[in-house]
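The values are calculated or read from the model by the stated rules, or taken from the named source; none is laboratory data. Worth saying up front: this structure is predicted, and the values here are computed from it rather than measured. No Cβ is skipped: glycine too gets one built from the backbone with ideal geometry, and neighbour counts run over all protein chains shown.
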Ligand code: NAD
């Protein structure tokens, strides 16, 4: 069984490491948040008090952090992964980040003799808990192949995407579609209610009809219909509005760089920004429903 260093034990990293522990691996985890670290330790992760302690002597290091700036902070600098890991250690970067930051990590890894893959994930907290995430992996074929072996306990689908940063490209496009679906689901759900439909009846129809989507089945924003949905817990986050806004912003930036008009994506970004401006960035992104039902302006 492998020794795995892990940085970032939040909503995703926590349950992902629990599945690696269940598979028999030894996982050494580090997070700046004491609460996140305590929860991971309770699930069988060994506490590391620094990046150095997590990564030294590991067979593989995973990182899953909020944004590009956090990933850069964790890899670069005197305290970082590149400074303390052995170049034989395989590096798997699973955050959803901008392509420029991902490329910078690939370049620095290659310059220091490391093998690194970009391996963002899809499937949300439920996918992380159930070990059914989709991983999309960019990088050299041998590194992608070796990463796949470590990823298996956390994933239902592991899909190589091509060279460096192509995993991020796939993730950015996927999440653009996800958040547009979420906004569409919120509009359909509120309109169904106003037209006198029972929420469960409408969900039963849409989930087997052409209105179906992952957002509908996992994040349906009307209380009492889908147990995994944050609306049932006062929008305690499974995916924060801040991170959703970050992701759709990555798509909008990539679209600007490639001269691609994203009229709907840009509009959904404005909806998330309105939630953030009203102080709800830390709440679940499915709170977008409140802009449709009129609870928020
Ligand atoms: P999160 O904020 O819950 O967790 C991130 C963790 O990283 C936090 O615990 C934070 O303390 C830690 N961290 C930040 N900087 C650090 C540093 N310098 N050193 C050590 N720890 C540090 O975020 P999350 O929801 O787990 O998402 C993580 C990534 O996965 C994001 O890029 C997100 O877009 C992506 N993602 C999230 C979901 C989801 O449903 N939540 C799904 C797919 C992908």
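Selection within the range 18-35: residues that are more than 11 Å from the ligand (Cβ to nearest atom) and crowded, with 24+ Cβ neighbours inside 10 Å. The member of this set that is nearest to residue 125 (Cα to Cα) is 20.
Is it fair to say residue 162 is in contact (Cβ under 8 Å) with a residue 12 or more places away in the chain and away from the ligand (no atom under 12 Å from the Cβ)? Here the answer is yes, as residue 162 does meet what is asked.
Here's a check for you: in the range 113-124, which residue that is more than 8 Å from the ligand (Cβ to nearest atom) and crowded, with 19+ Cβ neighbours inside 10 Å is farthest from residue 218 (Cα to Cα)? Talk me through it step by step, then tell me what you get.
Just the residues of the range 113-124 that are more than 8 Å from the ligand (Cβ to nearest atom), to begin with: 113-119.
With the extra rule that they be crowded, with 19+ Cβ neighbours inside 10 Å, the set shrinks to 114-119.
Working: 114: 37, 115: 35, 116: 32, 117: 28, 118: 26, 119: 22 Å.
Taking the candidates together, the pick is 114.
Scanning the range 85-107 for residues that are away from the ligand (no atom under 11 Å from the Cβ) and outside any helix (DSSP H, G or I) yields 85, 86, 87, 88, 89, 90, 91, 92. Residue under question is residue 110, and the condition is that it be within 15 Å of the ligand (Cβ to nearest atom) and either in contact (Cβ under 8 Å) with a residue 60 or more places away in the chain or not in a loop (DSSP other than H, G, I, E, B) (or both); does it hold? Here the answer is no, as residue 110 does not meet what is asked. Hey, could you check the range 199-252 for residues that are exposed (fewer than 14 other Cβ atoms within 10 Å of the Cβ) and assigned to a helix (DSSP H, G or I) and say which is nearest to the ligand (Cβ to nearest atom)? So, considering only residues that are exposed (fewer than 14 other Cβ atoms within 10 Å of the Cβ) and assigned to a helix (DSSP H, G or I), the one nearest to the ligand (Cβ to nearest atom) is 233. Of all the criteria given as (1) in contact with a helix residue (DSSP H, G or I) (Cβ under 7 Å, 6 or more places away or on another chain); (2) in the same structural domain as residue 286 (by TED's automatic domain parsing), the one not satisfied by residue 174 is (1).
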